[in-house]
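Have a look at the structure below before the remarks.
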Amino acid sequence: MLDSSGSIKEYNWDTTVSTIANDWISGVIQPMYGPFGNHVAARWFSTYTERFIGFQDSRYLSEDQISRYSEYVAQLIRDQAYVRGYTNTAEALTEIYQSDLPTSRMLGKDQTIVLLFTDGKSDDYFKTVSAAETLEQDATIFAIGIGEDINSTELNKVGF
């Protein structure tokens with residue numbers, strides 16, 4: 001879940017998507033296409049939110065389920081455009097809970113991880129905290145601060 005709001009700024013967005021693609025996706029998570037291994041979905045948010053990678057992205061056409069799929073997912077993340085706007089974190093968390101998780105393998109809270117990359121400056125703190133509490137019934141949320149001006153109070157309230 002990637003914060004694309006105006007407070008992030010485009011250069012922080014570029015650094016964030018590169019780091020996620022190069023270090024997290026290609027280096028650590030290494031998602032696999034198929035029934036086993038790590039599955040990854042991705043969603044950006046600002047004024048609106050959109051999932052841009054599904055857990056088993058139907059656009060993927062290769063037979064190589066490990067290295068090529070990891071690079072495919074990493075490239076989709078690198079290529080995701082910055083969509084400056086407000087910071088509707090609550091809507092994005094709600095969409096993950098209502099729309100994204102039902103398409104996952106539903107492995108339980110400890111094996112369902114949501115990485116929230118944000119500066120922690122949502123438009124509505126209370127709605128964001130409430131949406132995070134709902135999502136935490138089925139997933140573990142890790143909030144990772146990006147940018148120079150991070151609201152650590154909100155980050156700590158919505159994730160680890």
Among the residues of segment 113-143, write down those that are out of contact with any Gly (no Cβ under 6 Å at 6 or more places or on another chain), of a type outside the set (Gly, Ala, Ser) and surrounded by 19 or more Cβ atoms within 10 Å (Cβ to Cβ). VAL114, PHE117, THR118, LYS121, THR128, LEU135
Where SER104 falls short, out of the listed (1) modelled with pLDDT of 95 or more; (2) under 15 Å from the mean Cα position of the chain (by Cα); (3) surrounded by 15 or more Cβ atoms within 10 Å (Cβ to Cβ): (1)
By residue number, the members of segment 145-158 that are in contact with a helix residue (DSSP H, G or I) (Cβ under 8 Å, 6 or more places away or on another chain), modelled with pLDDT of 95 or more and of a type outside the set (Asp, Glu) are GLY145, ILE146, LYS157, VAL158
Segment 58-71, residues that are among the acidic types (Asp, Glu) and at pLDDT below 85: GLU63, ASP64
Is one or more of the residues making up segment 95-116 among the aliphatic types (A, V, I, L, M), without any contact (Cβ under 8 Å) to a residue 60 or more places away in the chain, closer than 22 Å to SER18 by Cα and in contact with a strand residue (DSSP E or B) (Cβ under 8 Å, 6 or more places away or on another chain)? yes
Considering only segment 48-71, state which residues are in a loop (DSSP other than H, G, I, E, B) and basic (Lys, Arg). ARG59
Within the set of pairs 6+ apart or on separate chains, which have a first residue in segment 1-16 that is over 9 Å from ILE146 (Cα atoms) and part of a loop (DSSP other than H, G, I, E, B), a second that is aromatic (Phe, Trp, Tyr) and at pLDDT 95 or above, and C-beta atoms under 7 Å apart? MET1/PHE45; MET1/PHE117; SER4/TRP13; SER4/TRP44; SER4/PHE45; SER4/TYR82; SER5/TYR86
Inside segment 1-31, the number of residues satisfying the requirement of being among the small types (Gly, Ala, Ser), at pLDDT 95 or above and over 15 Å from the mean Cα position of the chain (by Cα) is 2
In segment 39-54, which residue that is of a type outside the set (Val, Ile, Thr) and open to solvent by 30 Å² or more (accessible area, probe 1.4 Å) is modelled with the lowest pLDDT? HIS39
Return yes when GLY145 is at negative phi and in contact with a Leu (Cβ under 6 Å, 6 or more places away or on another chain) and no when it is not. yes
Taking the condition of being outside any loop (DSSP other than H, G, I, E, B) and open to solvent by 80 Å² or more (accessible area, probe 1.4 Å), how many residues in segment 72-101 meet it? 2
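The values are calculated or read from the model by the stated rules, or taken from the named source; none is laboratory data. Fair warning: this is a prediction, and the values are worked out from it, not measured in the lab. Every residue, glycine among them, receives a Cβ derived from its backbone with ideal geometry; neighbour counts consider all protein chains shown. Just so you know, the surface numbers come from the protein's heavy atoms only, side chains and all, with ligands and any DNA or RNA stripped out. Shrake-Rupley method; radii C 1.70, N 1.55, O 1.52, S 1.80 Å.
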